[in-house]
Structure formats: C-alpha cells, structure tokens
Amino acid sequence: MINLMIPTWGKACGIAEYTKSLKQGLELCGASVTVNSPHLRGGSIRHLQHEYSLFPSISSICQLADTTHQVGGRCVIPLHSVMRYPQEHRQMAEAMDAVIVHHRLVAELAGLPDAMVMPMGCDPPFTSLIEEQQAVRKRFDLEAFQPLIASFGFLRSQKGYLELIEAMRGLRSRSPRMGLVIVAPEHAFGEQYE
C-alpha cells in the first residue's frame with residue numbers, strides 16, 4: 001500500500017497534477033494507492049509531496065514520518081522546490097527513509113548528497129498541428145519562425161521568473177527577435193509576485 005499525501009489534491013496545483021499522474025503510473029504497475037489516507041498499516045509507504053507552501057512546518061512533516069514509522073511503515077519525500085534552507089532539508093532527510101529529487105543539482109542545492117535522483121516524469125508528447133502553432137503565434141504577435149522560449153508553472157518566486165526575464169534581456173541583445181511567453185496562473189497558496 002502506498003499512501004500519497006498531498007494537501008492540494010483535487011485543486012489547480014502543479015504538484016497535485018504530478019501526484020495524479022504518479023498515482024496512475026503506480027496503479028498501472030500493480031500498486032495499491034490511496035491519497036491522503038489517515039490510516040496506515042505496517043509495510044505501507046507514505047509518500048509526502050513536499051513543497052513549502054503545502055505543509056505548515058518542518059516539524060509537521062517530521063511528525064508524519066514518526067507516526068508512519070510507529071506503525072511499521074516507511075516514509076519518503078520528494079523535494080519539489082529547494083529554497084535556501086539546508087538545515088531544514090537535513091532535518092527532513094533524517095526523519096525520512098528516503099528523499100527524492102528530480103535532478104542531481106537539486107540534491108546539491110539542498111545539501112543532500114544521498115538523495116535519490118528520479119527524473120521528473122511527464123505525459124507523452126503531443127503533436128501540435130501547424131494550424132494550432134500558427135494560432136498561438138498570431139495570438140502572441142510572433143513571426144512564423146521567430147525563436148521562442150515558453151515557461152509554464154504557477155506564479156511563485158522560487159519558479160525563477162525574474163531570473164528568466166533578466167536572462168531574456170541578455171538573449172534579446174544577441175537575438176532581437178527572440179520571444180518569451182510565460183504562462184503562469186496564480187498559486188492558491190503562499191506568497192505571490194507583486
């Protein structure tokens with residue numbers, strides 16, 4: 001039994017969507033999967049979907065891990081965002097049976113060299129029709145073959161949009177036709193850009 005813990009389950013949230021895909025993939029592999037179940041039995045795995053705005057404190061995460069261990073379960077946590085809190089990362093890592101990151105650089109930034117690296121999965125690519133591409137370029141007033149960078153994700157400071165905009169200035173000085181599209185709805189939790 002795998003229990004996925006995600007406070008934003010069923011809401012417009014990138015991590016909730018990631019969790020939905022993870023649940024489907026685990027079930028395709030034959031795993032029994034629950035979401036946000038308060039009940040856990042021995043041999044179960046609790047998978048805490050961590051993001052700083054989703055859990056009130058590191059101590060609450062560690063308490064969930066402790067409760068899981070008390071019934072003979074195991075607790076793993078993927079770090080979906082890595083801010084500059086290495087002490088908190090170490091505290092979480094000590095409470096968990098495993099910490100998962102999506103790239104080795106994230107493990108380095110988090111100060112967790114023993115974290116398991118599991119690349120971010122994604123849905124199979126879809127093919128866009130030429131007409132659809134043309135409609136998008138027309139909507140954003142882009143030339144037919146103008147170089148374009150697109151970024152998708154919630155409007156949160158740790159997503160790096162300010163850094164992307166700054167980098168775009170340098171790119172445009174070399175390639176004035178370079179375009180940038182940011183598709184970033186507001187996040188339901190936590191701080192926003194002003």
Query - Ranked by how many other beta carbons lie within 10 Å on average, peptides 138-145, 47-54, 179-186 from highest - result: 47-54, 179-186, 138-145
Query raised in the report: Which FRET efficiency value, to the nearest 0.05, is calculated for Glu27 and Arg104 with the Förster distance at 35 angstrom and r the Cβ-Cβ distance?
Result: 0.80
Query - Accessible surface of the chain [probe 1.4 Å, protein heavy atoms]: carbon and sulfur percent - result: 57
Query raised in the report: With labels modelled as points extended 7 Å from the Cα through the Cβ direction, what inter-label distance (nm, one decimal) is found for Ile165 paired with Lys20?
Result: 3.0
Query raised in the report: Lys pairs in the chain, Cα-Cα under 24 Å, at least 8 apart or on separate chains: how many?
Result: 4
Query raised in the report: Using 0.36 nm per residue, how much length does the chain from Arg172 to Leu148 gain when fully extended, once their Cα-Cα distance is taken away?
Result: 7.5 nm
Requested in this report: Over the Cα atoms of segment 1-90, compute the convex hull volume and normalise it per residue, giving Å³.
Outcome: 97
Query - Extended-chain gain in nm, criterion 0.36 nm per residue less alpha-carbon gap, Phe140 and Met116 - result: 4.6 nm
Report task. Show that you can apply the helix-only estimate: for the chain, add -39,500 (n - 2.57) for every DSSP H stretch of four or more residues, divide by all residues, and state [θ] at 222 nm to the nearest 500. Result -> -11000 deg cm²/dmol
Query raised in the report: FRET efficiency for Glu131 and Leu155, Cβ-Cβ distance as r, R0 = 41 Å, nearest 0.05?
Result: 0.90
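The values are calculated or read from the model by the stated rules, or taken from the named source; none is laboratory data. Please read all numbers here as calculations on a predicted model, not as lab measurements. As a convention, Cβ positions derive from the backbone with ideal geometry for all residues, glycine included, and neighbour counts pool all protein chains shown. All accessible areas refer to the heavy atoms of the entire protein, side chains included, with ligands and DNA or RNA removed. Shrake-Rupley method; radii C 1.70, N 1.55, O 1.52, S 1.80 Å.
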